[in-house]
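Read-outs throughout are calculated quantities, based only on the coordinates presented, and are distinct from any laboratory measurement. Since the model is a prediction, treat every value here as computed from it, not as a measurement. Cβ atoms come from the backbone with ideal geometry, glycine included; neighbour counts cover every protein chain shown.
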């Protein structure tokens, strides 16, 4: 579904990604794990069109994604839950969700999708009129995921959904991700919380200083001594 | 309160029939026409696109219309749309790169500030055609000419009332549109807005275009009404500042805010004109500047913003009281 090869990207003179290659097949959940500053967020920004790649191939369902602006990428079926949630704090929960269905193709389905997101996250229905900026971190993450789901994406990109949340809330957020998976969404998730994310994905890539160091099934990586030592603390 | 609106509407139909002086009617017409311009500014200003360039759109609208009439005899019915087209073209030429290069906030204000001065100085420099800093007068015909768009004050009142109402309708439509939420989202977090699928550049250019077009239209009408235009009062930083002052002091998040701002601004302007006469030419602009700073610091939501907030609070208290008792 998503194919990336030889990807180079960066900011100004700084190169954050060197020849990154990865694939996501339909129905899979794939994680990209690695330490801070490895280039995980850069990778997400490139896929969602917020950052133009310097070189490399980026294809979604066979069509080239290079130089496609972000709003067109959403229309093609890739939705992005950005790092730190990035809700619109002065808009209500419902307005935030409405913005997720902004693409012309999504607008006619707004009401039905809103119902669907509310049925997935009943808490959001309770909070519909509240300003998004006044909710707790976990609720904000729920709203950010709901906002991305409003475009009914084929592929959901999640950037560090557990970042900045209390451990109890992190568990809840990973439960949410599990439910999204059960709904049949293809998910590409970037995480520093390697232990927990490997529990819920099929495969993972290890990204370090802009390069993919390792990849394999979640089970294989969990068993890998180097990974266990560096990331799982065992 | 609800019952008050039709009454207020009916009151607006009265002024031309009241035994008020010509001067008072003149001030009311000016307030309505300028209120339309200020309302047009808030259509983009309320989303953090603080333009100091609306003097440019105003000047282009008014000068294109008047020049075509004086030099080619082209009726304002064609001249005004052409002026609007020129203003929109300039708005797009400035707005597109600003949006793509993420020129926002103070930098956007500075870019538009330069634009307004470019237009003013061009009018001054092109003296043979525009009359330079002495200004120009549209060639007059006997009044009540529909072709020349020159009327008596009685007719102008209805024209002014009509465009003022048009401004409110457009403001309301924008307020209820998806574009409003999208622009609020962009003002909150531009990157996140792009990430969820909002075409940031398109939305910004949409409000910029509407705002510039209406401003040029308003400028052309003010020129037609006053029958005298001048680069210092219809273009340049002075009038840009006046527009921003009126919009902010009245309140740019409330539909009638710019109108309240217009009453304040026009009355203040007349007061200063009488007070200073032709002495202290820069005094008015200085006073606007100082008052603008005072409003931004102490009353950023403007007069109407404060009134609406008070009313909401009172209503909330009234709603909570029976529940508590």
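Taking the inverse of the mean 1/r over every pair of distinct Cα atoms in the protein assembly as shown gives a Kirkwood hydrodynamic radius of 26.6 Å. Per residue, chain B reaches -25000 deg cm²/dmol at 222 nm when only DSSP H runs of four or more residues are counted, each adding -39500 (n - 2.57). For chain A, the C-alpha radius of gyration sits at 0.98 times the compact-globule guess of 2.2 N^0.38 Å, with N the residue count.
Evaluating kT/(6 pi eta Rh) at 10 °C and 1.306 mPa s, with the Kirkwood radius of region B:137-182 over Cα pairs in the Stokes-Einstein relation, gives 124 µm² s⁻¹.
Contact order for region B:211-325, expressed relative to its length and based on alpha carbon pairs under 8 Å spaced 6+ residues apart, stands at 28 percent. Computed from the alpha carbon atoms alone, the convex hull of chain B holds 160 Å³ per residue. Pairs of Cα atoms nearer than 8 Å and 6+ residues apart set the relative contact order; for chain A it is 27 percent. Pairwise Cα separations in region A:132-216 fall into 5 Å bins from 0 onward with the following percentages, short to long: 3, 13, 25, 25, 18, 12, 4, 1, 0.
Rg ratio for region B:1-104: its Cα radius of gyration over 2.2 N^0.38 Å, N being its residue count, equals 1.43. GNM remark for chain B: springs join alpha carbons under 10 Å apart, and the peak mean-square fluctuation among B:80, B:146, B:266 falls on B:146.
Across chain B, Cα pairs under 8 Å and at least six residues apart give a relative contact order of 30 percent.
Shown here is the pair-distance distribution of region B:34-164: with all Cα-Cα distances grouped in 10 Å bins from zero up to the longest one, the shares run 11, 36, 33, 16, 3, 0 percent.
Look at the stretch B:181-192: the mean tally of other chain Cβ atoms within 10 Å of its residues' Cβ atoms is 6. Using a Gaussian network model on chain B with a 10 Å cutoff between Cα atoms, which of B:302, B:218, B:162 fluctuates the most? Largest GNM mean-square fluctuation: B:162.
Compute the acute angle (0 to 90°) between the alpha-carbon long axis of helix A:167-182 and the principal axis of greatest extent of the alpha-carbon atoms of chain A; round to the nearest 10°. Helix A:167-182 and the main axis of chain A meet at about 90 degrees.
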